[in-house]
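The values are calculated or read from the model by the stated rules, or taken from the named source; none is laboratory data. Remember, predicted model here, so these are calculated numbers, not experimental data. All Cβ positions, even for glycine, are placed from backbone atoms using ideal geometry, and neighbour counts span all protein chains on display.
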Amino acid sequence: MRTAGLLLALLTLAPTVPAGDASDGGEAVLDTAVPRHVRALYLDTLGRTPTADELELASLGRTSVLLRSLCGSEEFWEQWYEEELYYFLLVDNFRPEDPPDGERLPQRLRRGDLQLLDAVRTIASSSAFNRANPGNDTFVSVVFEQLLGVTVQSQPAILEAGKRMYDGNRASLWGMEGRSQADVVRIACSQEDFALRIVERQYRRFVGRDPPRRDAAGWADRLRDDPAGFPDLVREWLGSEAYARRLLSLRPKSDRQFIRGLYVDLTGGPPDQETMQRHRTALAAVADSGPLRSVIARVLLGAAGPGYPPRRDPVDARPLVRDVFLRFLGRDPVPEELEAFATLYEQCDCEPELLVRAVTTHQEYQYY
């Protein structure tokens, strides 16, 4: 009862998520000396938080140097690939199998053997995509809607032409002829809107807002002219004032970001693919994943073993509270939080783990 009472008190005192959107505020500057900014960059590029060593190293350098090391790395492409599979709902039984030679898309993208636009086309042409979207109506609708943003219900002639082509009959789409399922994907990926929709979608993924229309068109032209330049675009986006303004307010973590970040924060490394998939499937099955996220945090904290957090002796309360806030929220506690946490910690003679549990199961930890 004593432990439960303290935890309830700590959760009550823990910070709440700031309301509103500060994107229209004054000048904003990205500063890698601020742990929360570094955590955000890692979460947006790699889908996880930085390790303690990575955070310390990032704080010593410039934002541009950090972005060069993150964008275009193999882990960057792994994160991109997983988010693309999720976008196309190619998960669980519909997940593409790794090729026998081990040459997966992220490795090919990292080496430059495959470019972004062709990678998306490869995913949409895969047998896994076909299994997930069986039948001519479903397949054609998903291809046109997800690759081009076309609402097929409002353009029945295009849908019918695509269905005929899918069934092996010669048909014409946007002035291009084909007679196969592969042709439907090929023709869709040859349209100008293909690159534009990718840019819009990727910008929302990284920056958390819709891109300005004129900028999106220019970025799409750059991507068509230089498909290998996608990491450069991402560096530009994440180094922009728009991204710095985004950091003035909190953004919800995706399920993948939450799980991978939680594992790094508590164990020092991300979970393996099987564990990640199991957690993500469970979280996707509930309408409100918040309570289940808190359960996962409690279970993992209890099983994390030696390392963080330290045992009580000889840990001082105030330095510990500061470290917990910086490590898990990327910020210092305000004076009221510091005093309240430290006082309760000292009076109740609890273990450091309880402070970590209070923060990692609180709503703010589900944002970044």
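A few points about this structure:
Residue-wise test of (1) modelled with pLDDT of 90 or more; (2) over 21 Å from the mean Cα position of the chain (by Cα); (3) among the charged types (D, E, K, R).
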position	(1), (2), (3)
ARG278	yes, no, yes
ARG293	yes, no, yes
GLU336	no, yes, yes
TYR345	no, yes, no
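Yes/no per residue for (1) among the aliphatic types (A, V, I, L, M); (2) more than 17 Å from the chain's Cα centre (by Cα):
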site	(1), (2)
GLY208	no, no
ASP215	no, yes
ARG235	no, no
GLU241	no, yes
ARG251	no, no
SER254	no, no
ILE259	yes, no
ASP265	no, no
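- Among the residues listed as ARG197, ARG186, ARG164, the single one being modelled with pLDDT of 95 or more, assigned to a helix (DSSP H, G or I) and under 26 Å from VAL234 (Cβ atoms): ARG197
- Look at the range 282-310: where a residue is part of a helix (DSSP H, G or I) and surrounded by 10 or more Cβ atoms within 10 Å (Cβ to Cβ) and a partner is hydrophobic (A, V, I, L, M, F, W, C) and modelled with pLDDT under 90, sitting 6+ places away or on another chain with Cβ atoms under 7 Å, you get LEU301/VAL356.
- The single condition among (1) at pLDDT 95 or above; (2) in a helix (DSSP H, G or I) that PRO211 does not meet is (2).
- ARG245 vs. criteria at pLDDT 95 or above and assigned to a helix (DSSP H, G or I): no
- Taking the criterion of being in contact with a Lys or Arg (Cβ under 7 Å, 6 or more places away or on another chain) and acidic (Asp, Glu), the only residue of the range 198-217 that qualifies is ASP210.
- Inter-residue pairs, beta-carbon under 7 Å, first at negative phi and in the range 338-352, second assigned to a helix (DSSP H, G or I) and loosely packed, with under 15 Cβ neighbours inside 10 Å, 6+ apart: CYS348/ARG2; CYS350/THR3
- For the range 100-134, the set of residues classified as among the small types (Gly, Ala, Ser) and either in contact with a strand residue (DSSP E or B) (Cβ under 9 Å, 6 or more places away or on another chain) or surrounded by 16 or more Cβ atoms within 10 Å (Cβ to Cβ) (or both) consists of ALA119, ALA124, SER125, SER126, ALA128, ALA132, listed by residue number.
- Residue pairs meeting the criteria (Cβ under 8 Å; at least 6 apart or on separate chains; first farther than 20 Å from ASP118 by Cβ and without any contact (Cβ under 8 Å) to a residue 24 or more places away in the chain, in the range 195-216; second of a type in the set (D, E, K, R) and assigned to a helix (DSSP H, G or I)): ASP210/GLU200; ASP210/ARG204; PRO211/GLU200; PRO211/ARG204; ALA216/GLU200
- Flag if ARG121 is in contact (Cβ under 8 Å) with a residue 60 or more places away in the chain and part of a helix (DSSP H, G or I): yes
- Residue match in the range 135-150 (condition: under 17 Å from TRP80 (Cα atoms), at pLDDT 95 or above, out of contact with any strand residue (DSSP E or B) (no Cβ under 6 Å at 6 or more places or on another chain) and surrounded by 13 or more Cβ atoms within 10 Å (Cβ to Cβ)): yes
- Meets criteria (farther than 28 Å from ARG251 by Cβ and among the aromatic types (Phe, Trp, Tyr)) for TYR367: no
- Scan of the range 54-93 for residues that are in a helix (DSSP H, G or I), free of Cβ contacts under 8 Å to residues at least 60 places away in the same chain, surrounded by fewer than 17 Cβ atoms within 10 Å (Cβ to Cβ) and more than 18 Å from the chain's Cα centre (by Cα), ordered by number: GLU56, LEU57, SER59, VAL65, ASN93
- Qualifying residue in the range 169-183 (condition: more than 28 Å from the chain's Cα centre (by Cα), crowded, with 19+ Cβ neighbours inside 10 Å and under 22 Å from ASN93 (Cα atoms)): yes
- Close pairs from the range 173-194: first without any contact (Cβ under 8 Å) to a residue 40 or more places away in the chain, partner in a strand (DSSP E or B), Cβ under 6 Å, at least 6 apart: ILE187/LEU173; ILE187/MET176; ILE187/GLY178
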